[in-house]
Amino acid sequence: MDSDYFTDDRDALLTQLQEELDGIINPGCDEITSGFAVSLAEKYDFMYAAVGWHPEDLEGILDNSYLDELAAWAVHPKVVAIGEIGLDYYWDENPPREWQQEVFRDQLTLAQELNLPVIVHDRDAHADSLAIVKEFPQVRGVFHCYSGSLEMAKELLKRGFYLGFGGTSTYKNAAKVREVLQYVPDDLLLFETDSPYLTPVPYRGKRNQPGYTELVARNAAEVRGTTFEALAAQTTKNVKTLFNKIK
């Protein structure tokens, strides 16, 4: 919700969503957006924040003091996770892979020290993402907008990781994503929007927003052969189990 896509109507939209949703977890991607996520969580009762450095946004890191800043935010009662963190090998101009891996490990270490879950971004970096989280067996979290294989999913699920599914799971060409969506046990399943991106059908191509999580969940209910109501209740429970600062 810190995105420029919401500049013109952010407060109006959040006021509307407060009537429609039980809650929103809004993750940061760098110093500015993490701070903004915290300020929004302070302003709106139903909002919570995650703080972290996204692998595409590492240029703002000047020294290890960024970890102290994350740790200071993390004690806030409405900061529920370290995220969005991880690896992104998609763009050639992204930060060097070795640097991404170093920052990912540092933030996983911080999450372990603070006993907080993580929100993991993994784009075209499946093998390295899995290998690195294996180094931190005490850390739990969610691989958001899951795009890996079923085999990788099984490895993550064995380690207690949740898998998050968003708008991509509604796309016709996302058969592999839906294969994993069918497999994930009820108690390790989460839904999301990744707003303002990856808008679900039937609004694909337009701006995404948190209220469209319902569309993702309704599609998943069809894929999994259950009811929307049962799935919504289960995944709401899952959110509070993983992000246990939410009551």
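The values are calculated or read from the model by the stated rules, or taken from the named source; none is laboratory data. Just so we're clear, the structure is a prediction, and the values are computed from it rather than from any experiment. Heads up, the Cβs are rebuilt from the backbone with ideal geometry, glycines too, and the neighbour counts pull from every protein chain shown. Remember, those area values only see protein heavy atoms, side chains included, never the ligands or the DNA or RNA. Shrake-Rupley method; radii C 1.70, N 1.55, O 1.52, S 1.80 Å.
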Quiz item: Which condition number in (1) in a loop (DSSP other than H, G, I, E, B); (2) open to solvent by less than 50 Å² (accessible area, probe 1.4 Å); (3) under 16 Å from residue 243 (Cα atoms) is the one that residue 108 fails?
Solution: (1)
Self-check item: Selected residue [farther than 21 Å from residue 85 by Cβ, of a type outside the set (Ser, Thr, Tyr) and within 17 Å of the chain's Cα centre (by Cα)] from 237, 154
Solution: 237
Practice problem: Go through segment 181-202 and count every residue that is free of Cβ contacts under 8 Å to residues at least 40 places away in the same chain, touching a Leu at 6+ places or on another chain (Cβ under 8 Å) and crowded, with 21+ Cβ neighbours inside 10 Å. | Solution: 2
Quiz item: Among helices (runs of 4 or more DSSP H) lying entirely in segment 1-92, which contain 2 or more residues that are within 20 Å of residue 242 (Cβ to Cβ) and at pLDDT 95 or above?
Solution: 31-43, 65-74
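A quick yes/no check of all residues on (1) among the hydroxyl-bearing types (Ser, Thr, Tyr); (2) out of contact with any strand residue (DSSP E or B) (no Cβ under 6 Å at 6 or more places or on another chain); (3) in contact (Cβ under 8 Å) with a residue 60 or more places away in the chain:
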| site | (1), (2), (3) |
| --- | --- |
| 3 | yes, yes, yes |
| 8 | no, yes, no |
| 24 | no, no, yes |
| 27 | no, no, yes |
| 75 | no, yes, no |
| 80 | no, no, yes |
| 84 | no, no, yes |
| 108 | no, yes, no |
Quiz item: Restricted to segment 56-80, and to residues that are farther than 19 Å from residue 43 by Cβ and touching a Pro at 6+ places or on another chain (Cβ under 8 Å), which residue is surrounded by the most Cβ atoms within 10 Å (Cβ to Cβ)?
Solution: 56
Practice problem: Would you tally the residues in segment 131-166 being within 16 Å of residue 187 (Cβ to Cβ), aromatic (Phe, Trp, Tyr) and open to solvent by 10 Å² or more (accessible area, probe 1.4 Å)? | Solution: 1
